[in-house]
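Notes for the one structure printed next.
The values are calculated or read from the model by the stated rules, or taken from the named source; none is laboratory data. These figures come from a predicted structure and were not determined experimentally. No Cβ is skipped: glycine too gets one built from the backbone with ideal geometry, and neighbour counts run over all protein chains shown. Please note that ligands, DNA and RNA were not included when accessible areas were found on the heavy atoms of the full protein model with its side chains. Shrake-Rupley method; radii C 1.70, N 1.55, O 1.52, S 1.80 Å.
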Amino acid sequence: MHRITIPLLAVLATLLVSIRPADAQDALAARFAELADAKDHAKLVELWQANPTKVLTTIDACLEGSLKILESEKPDPKEVETLRTRALFGAIAADQAFGRAIFTDYASSFVGWNEAERKRFREGQKAFGAFRAAIRQEGKLEEALAHATRCYELAKPLGDWWGTAMGLTGIGTSLEKLGKKEDALAAHAASRLIYHDFGLVGAELGNLVAMSRLLVDLDRRPRAAVTIEAARSLIDSTGRPNEAARKELDSLSARLAETR
């Protein structure tokens, strides 16, 4: 048995860090493609269950990839069909893995868009980008709200649930800054449910923290307490400290305790 020296341990640690997270995502995507193309539903369900927070981004890479091919000068129909079939197979397995319906609805919507609908999808993405730019600038809250609303209104009829959640989060963020707390709460709550079903932990946490803040401000005490704990549990599940979110949640808990 060989002794592992301290310098060697340092090298191994560096190598382990270097394979995360991009290489891990590439490995997951490759395994997904292998199982989907082989039509191995059972093993794909297991793969998703072992990687719940990476399912949407892995499937969406196929969907976006097929769209980019269609937008190219010389689209290859066979390549498009391969990616679409793979995405749909993956979405069906994901819904079975987690007892949901959103992955299949999202993927089947995406692959069915005609040219005009694909352009509306891209317009929705641009609208969200415009929201992000406006929300950072002083005096542009109404403009930010308009862009977020447009994103939402373009995404929802298309079955673009990810875009719908993004638009709702933008609406909630804008409305809170405008002092419209009840409407902001409703938007964040609706977005949170979509992100939860998709397994997008970071985005869901953002909604939960915003909801906690709004619920405390509105004196919705039972729901505030439950939402704060849900946010804390979500942070715990990530294995990351997320000190900023924890600090805000602790402050909100203290405010609830003071008003008993």
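Could you tell me the calculated FRET efficiency between Ser251 and Lys177, based on Cβ-Cβ distance and R0 = 25 angstrom, to the nearest 0.05? Don't skip to the end; give the middle numbers.
On the way: r = 19 Å, r/R0 = 0.75.
Calculated transfer efficiency: 0.85.
Taking Rh as the Kirkwood radius, which is the inverse of the mean 1/r over Cα pairs, what is the Rg/Rh value for segment 48-204?
Rg/Rh: 1.01.
Across bins of 10 angstrom width beginning at 0, how are the C-alpha pair distances of segment 203-257 distributed, in whole percent?
27, 60, 13, 0
Can you list the GluC sites (Glu not before Pro) in segment 171-205 that are in a DSSP coil and have 12 or fewer other beta carbons within 10 angstrom? Show your work: numbers first, answer last.
Numbers: sites: Glu176, Glu182, Glu204; in loops: none.
Here no GluC sites (Glu not before Pro) fit, given the DSSP loop and packing criteria.
Determine one quarter of the surface area of the Cα convex hull of segment 42-89, which equals its mean projected area, and express it in nm² to one decimal. Walk me through the numbers on the way to the answer.
Numbers: hull surface 13.3 nm².
Reported value for the Cα convex hull: 3.3 nm².
Which loop-located trypsin sites (Lys or Arg not before Pro) does segment 98-207 contain, where loop means any DSSP state but H, G, I, E or B and the Cβ has at most 10 other Cβ atoms within 10 Å?
Filter output for segment 98-207: Arg136.
Could you tell me the convex hull volume per residue, in Å³, taken over the Cα atoms of segment 181-223?
That works out to 55 Å³ per residue.
Could you report segment 25-104's accessible area per residue, 1.4 Å probe, as an integer in Å²?
With all protein chains present, segment 25-104 gives 51 Å² per residue.
Would you calculate, for the chain, the mean residue ellipticity at 222 nm contributed by helices, counting each DSSP H stretch of 4 or more residues as -39,500 (n - 2.57) and dividing by all residues, to the nearest 500?
-27000 deg cm²/dmol
Could you give the distance between the Cα centres of segment 89-143 and segment 197-245, to the whole Å?
Result: 23 Å between the Cα centres.
Run the accessible area of the chain with a 1.4 Å probe and give the carbon-and-sulfur part as a rounded percent.
Using a 1.4 Å probe with all protein chains present, the chain comes out at 56 percent carbon and sulfur.
Gain in length, Arg136 to Lys156, computed as 0.36 nm per residue apart minus the alpha-carbon separation, to one decimal in nm?
4.7 nm
Could I get the Rg over Rh figure for segment 93-155? Both from C-alpha atoms, Rh via Kirkwood, rounded to two places.
Here the Rg-to-Rh quotient is 1.15.
Show which lysines lie in cross-link reach of Lys43 when reach means a straight Cα distance below 27 angstrom and same-chain residues fewer than eight apart are skipped.
Once the sequence-local lysines are set aside, what remains near Lys43 is Lys54, Lys78.
Please find, in a Gaussian network model of the chain (springs between Cα atoms separated by less than 10 Å), the residue of Gly124, Gly170, Gly65 whose mean-square fluctuation is greatest.
Highest fluctuation among the options: Gly65.
Return the lysines within reach of Lys181: Cα separation strictly under 24 angstrom, same-chain partners fewer than 8 residues apart disregarded; answer none if there are no such residues.
Counting by Cα, and skipping residues close in sequence, Lys181 has these lysines nearby: Lys140, Lys156, Lys247.
Which GluC sites (Glu not before Pro) in segment 40-72 sit in a loop by DSSP (not H, G, I, E or B) and have at most 12 other Cβ atoms within 10 Å of their own Cβ?
Numbers: sites: Glu46, Glu64, Glu71; in loops: Glu71.
Of the GluC sites (Glu not before Pro), the ones in loops of segment 40-72 whose Cβ has at most 12 other Cβ atoms within 10 Å are Glu71.
What Kirkwood hydrodynamic radius, in Å, does segment 140-202 give when the mean of 1/r is taken over all pairs of distinct Cα atoms and then inverted?
Taking the inverse mean of 1/r over all distinct Cα pairs, segment 140-202 comes out at 11.4 Å.
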